[in-house]
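The values are calculated or read from the model by the stated rules, or taken from the named source; none is laboratory data. Treat the numbers as computed from the prediction; the structure is a model and nothing was measured. FYI the Cβ positions are ideal-geometry reconstructions off the backbone, even for glycines, and counts take in every protein chain you see. Just the protein is used for accessible areas: all its heavy atoms, side chains included, with ligands, DNA and RNA removed. Shrake-Rupley method; radii C 1.70, N 1.55, O 1.52, S 1.80 Å.
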Amino acid sequence: MTVLKTENLSIQFGGLMAVANLNLEIKKGELVGLIGPNGAGKTTVFNMLTGVYKPSEGRILVQDRNEQNQDIGQLHPYQITALGMARTFQNIRLFKNLTVLDNVRIGNHLNVKYKSVEGIFRLPGYYREEKRIEEECRELLKIFDIEHKGDELAKNLPYGEQRKLEIVRALATKPHILLLDEPAAGMNPQETLELMDLIKYIRERFALTIILIEHDMKLVMGICQRIVVLDYGRMIACGTPAEIAHNPLVVKAYLGKELENDA
Amino acid sequence: MSKKMNTVVSVLIVASILIILNVLVMLRVIDEYASQVLTIAGINVIIALGLNLISGFTGQLALGHAGFMAVGAYTTAALMMKLHLPTLVAVFGGALMSAFFGFLIGLPTLRLRGDYLAIVTLGFGEIIRVLMINLPELTGGPAGLKGIPTFTTNFFWRPVLSFALVYLTMTLVVVLLNNLLNSSHGAAIISIREDEIAANAMGINVFYYKIFAFTLSAFIGGLGGALYAPFFGYLSPNMFNFQKSVEFLIIVVLGGMGNLTGTVVAGIGLTYLQEILRFLKDYRLVIYPIILIIVMIFQPSGIMGLFGNKEFSLTRFVGKLAGKQLSGEQSSDKAGEVQ
Ligand SMILES: Nc1ncnc2c1ncn2[C@@H]1O[C@H](COP(=O)(O)OP(=O)(O)O)[C@@H](O)[C@H]1O
Ligand SMILES: [Mg+2]
């Protein structure tokens with residue numbers, strides 16, 4: 001069953017074709033890697049999928065919570081999140097001056113079942129719901145082992161934990177599709193391995209379909225079933241990790257640049 | 001002592017303070033002049049609290065709260081003088097009218113990004129003032145509107161009743177705003193200030209919450225103005241000029257953007273300061289801007305920034321006095337901890 005499909009998805013910034021004619025088809029429960037050198041257009045794809053950028057051309061179809069396909073071209077980001085697709089940001093966009101718990105609580109926003117009036121006058125619905133919300137949020141934090149930091153300000157967390165909090169916050173929206181933009185960036189190899197295990201775990205536990213952006217190719221090879229490779233906004237390959245590893249185009253476009261960068 | 005007990009004790013303390021102050025006003029221990037200054041301070045605080053909601057908590061700069069104050073004041077006066085409505089009904093009506101104006105201004109403006117709201121509210125404040133000058137049947141025109149019925153005509157009770165009503169309203173506004181801001185809906189509002197793109201990605205209808213916050217902000221601003229009409233008994237368009245809007249902004253900035261405690265402290269302090277400096281005549285008008293500049297340079301997070309931007313929480317204070325509050329309990333006691 002396809003949960004996410006793009007048809008000829010393209011976007012132009014001035015004269016730059018940042019993404020060109022992208023056709024993606026993601027199946028329910030898949031863990032797909034989206035790789036490519038810096039500037040290839042990966043984050044831009046996420047921004048179009050989540051409504052931050054409007055595509056210049058093409059369509060995006062997403063399955064909502066009732067398994068109906070929706071064309072999300074005209075939707076606002078919050079409406080797309082409401083359909084069940086959530087994301088993290090490559091340049092961490094936490095609510096820095098709020099507590100860790102409040103960050104998750106805000107992620108839980110779509111599941112708040114009391115009205116603002118009930119909050120203003122502290123009616124019973126407020127207490128009942130806030131108690132449930134806090135329990136659920138702490139439960140999610142526990143998965144990533146940052147539950148004990150609930151009352152700290154998000155900006156005071158170490159970098160790796162900030163990345164984890166981004167994932168927790170996205171999970172709090174109760175998505176069925178999760179888009180992770182370089183979740184391991186800036187982590188050391190040990191933290192990265194743990195994170196990959198966690199990603200596998202949440203995929204099982206919450207029955208998620210995940211698209212993972214990562215520019216470290218070795219890393220994605222380990223956990224993704226399928227990999228899409230972008231270069232200069234175009235899809236140059238798509239296949240299993242083994243296929244990708246031996247694809248000459250990928251080796252040329254991608255690894256060539258890695259070598260350049262390393263040099 | 002349980003958390004519930006702390007709350008009960010806190011409510012009792014607040015009630016006692018209000019009653020004691022009122023008795024002091026009644027016995028003229030707080031003389032008529034002082035009680036008048038305090039009442040004006042209370043009204044300024046109410047309006048500044050409204051401004052803080054949209055500018056401090058939602059992160060959208062607004063520069064026309066004197067306009068909302070005017071709408072509230074003149075509407076209340078009209079409801080009392082033309083329709084002979086009871087004072088409190090008229091006050092509520094004034095606040096509602098102001099909220100309606102806020103909604104109308106917000107609808108086209110808050111869709112746009114950036115500082116459009118600041119520009120539009122600035123224009124709004126001036127337009128309202130010019131309107132007030134040119135609608136003499138309703139407002140008495142440039143000469144002002146005289147003969148607005150006051151809270152009471154009784155010479156002895158008038159300062160007491162004004163003081164009591166204003167401070168009761170102020171307390172209610174503080175408590176209810178604090179409740180809102182500590183709820184999940186309040187968290188949504190604050191998240192817009194923190195990062196609009198991330199808030200949107202969390203499923204928050206940013207436009208809806210901006211409209212909500214701005215309409216409520218206008219309601220509170222109008223409420224302050226509405227109280228002003230029967231307190232003073234006289235209104236003139238010049239009371240609601242741009243200078244006045246800036247005064248509210250300075251109260252919010254000095255107290256700390258996004259901090260209710262700070263607004264109360266700074267609002268009362270600055271109103272008093274302005275009275276003390278009356279001997280400076282027109283030079284006193286430069287005091288506010290100078291304070292604003294000094295704060296922005298040396299202490300941009302305001303007075304409460306010196307205290308880690310925490311809200312003063314009476315329940316927490318009572319808990320500490322009782323000495324039995326467990327640290328775990330404290331951390332889950334969110335009352336007043338907005339930041
Ligand atoms: N808002 C924007 N305006 C102009 N150019 C942009 C914008 N967003 C992205 N780009 C450009 O699009 C290209 C792809 O960027 P991005 O998607 O961030 O790459 P990646 O995530 O693969 O490293 C880059 O050349 C970038 O400069
Ligand atoms: Mg990127």
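Looking at this structure, is residue A:72 away from ligand 2 (no atom under 16 Å from the Cβ) and in contact with a Ser or Thr (Cβ under 7 Å, 6 or more places away or on another chain)? So that I can check it myself, show each step before the final result.
Details: away from ligand 2 (no atom under 16 Å from the Cβ): yes; in contact with a Ser or Thr (Cβ under 7 Å, 6 or more places away or on another chain): no.
Taking the combined requirement at face value, the residue does not satisfy it.
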Of (1) open to solvent by 20 Å² or more (accessible area, probe 1.4 Å); (2) away from ligand 2 (no atom under 16 Å from the Cβ); (3) in contact with a helix residue (DSSP H, G or I) (Cβ under 6 Å, 6 or more places away or on another chain), residue A:90 fails just (2)
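Could you please give the count of residues in segment A:206-234 that are within 16 Å of ligand 1 (Cβ to nearest atom) and either within 14 Å of another protein chain (Cβ to nearest Cβ) or of a type outside the set (Gly, Ala, Ser) (or both)?
16
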Looking at residue A:179, is it closer than 25 Å to residue A:77 by Cβ and out of contact with any Ser or Thr (no Cβ under 9 Å at 6 or more places or on another chain)?
no
Has segment B:167-181 got at least one residue that is in contact with a Ser or Thr (Cβ under 7 Å, 6 or more places away or on another chain) and within 14 Å of chain A (Cβ to nearest Cβ)?
yes
Hey, residue A:186 hits all of (1) more than 30 Å from residue A:65 (Cα to Cα); (2) within 16 Å of ligand 1 (Cβ to nearest atom); (3) within 14 Å of another protein chain (Cβ to nearest Cβ) but one; which does it fall short on?
(3)
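Considering only segment A:143-150, I want to know if a residue exists there that is part of a helix (DSSP H, G or I), touching a helix residue (DSSP H, G or I) at 6+ places or on another chain (Cβ under 6 Å) and closer than 21 Å to residue B:199 by Cα.
At the first step, the residues of segment A:143-150 found to be part of a helix (DSSP H, G or I) are A:143, A:147-149.
Subsequent filtering for residues that are touching a helix residue (DSSP H, G or I) at 6+ places or on another chain (Cβ under 6 Å) retains A:147, A:149.
Now narrow it down to the ones that are closer than 21 Å to residue B:199 by Cα: none.
Among the residues of segment A:143-150, not one is part of a helix (DSSP H, G or I), touching a helix residue (DSSP H, G or I) at 6+ places or on another chain (Cβ under 6 Å) and closer than 21 Å to residue B:199 by Cα, which makes the answer no.
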Which condition number does residue A:133 fail, the rest of (1) under 20 Å from residue A:32 (Cα atoms); (2) away from ligand 1 (no atom under 16 Å from the Cβ); (3) touching a helix residue (DSSP H, G or I) at 6+ places or on another chain (Cβ under 6 Å) being met?
(1)
Residue count, segment A:112-123 (criterion: touching a residue at least 12 places away in the same chain (Cβ under 8 Å) and open to solvent by 20 Å² or more (accessible area, probe 1.4 Å))
2
Could you look through segment A:20-52, keep only residues that are more than 13 Å from ligand 2 (Cβ to nearest atom) and part of a loop (DSSP other than H, G, I, E, B), and pick out the one that is nearest to residue A:2 (Cα to Cα)?
A:28
Are any of the residues in segment A:149-158 within 22 Å of residue B:213 (Cβ to Cβ), surrounded by fewer than 17 Cβ atoms within 10 Å (Cβ to Cβ) and within 10 Å of chain B (Cβ to nearest Cβ)?
no
Among the listed residues B:213, B:198, identify the single one that is at the interface with chain A (Cβ under 7 Å from one of its Cβ atoms), in a helix (DSSP H, G or I) and at pLDDT 95 or above.
B:198
Just one of (1) in a loop (DSSP other than H, G, I, E, B); (2) closer than 23 Å to residue A:203 by Cα; (3) within 13 Å of ligand 2 (Cβ to nearest atom) trips up residue A:65, so point out which.
(3)
For segment A:180-238, what are the residues that are open to solvent by 30 Å² or more (accessible area, probe 1.4 Å), under 16 Å from the mean Cα position of the chain (by Cα) and within 16 Å of ligand 2 (Cβ to nearest atom)?
A:215
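Conditions (1) within 27 Å of residue A:133 (Cβ to Cβ); (2) open to solvent by less than 10 Å² (accessible area, probe 1.4 Å); (3) among the basic types (Lys, Arg); (4) within 12 Å of ligand 1 (Cβ to nearest atom), marked per residue:
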| position | (1), (2), (3), (4) |
| --- | --- |
| A:19 | no, yes, no, yes |
| A:22 | no, yes, no, yes |
| A:60 | no, yes, no, no |
| A:69 | no, no, no, no |
| A:80 | yes, yes, no, no |
| A:100 | yes, yes, no, no |
Scanning segment B:115-128 for residues that are assigned to a helix (DSSP H, G or I) and open to solvent by 50 Å² or more (accessible area, probe 1.4 Å) gives B:116, B:119, B:120, B:122, B:126, B:127
Can you report the number of residues in segment A:30-42 which are surrounded by fewer than 21 Cβ atoms within 10 Å (Cβ to Cβ), on the phi < 0 side of the Ramachandran plot and near ligand 1 (Cβ under 7 Å from one of its atoms)?
1
For segment B:158-174, pairs from a residue that is farther than 14 Å from residue B:46 by Cα to a residue that is open to solvent by 40 Å² or more (accessible area, probe 1.4 Å), with Cβ under 6 Å and 6 or more apart or across chains, are B:159/B:32; B:160/B:26
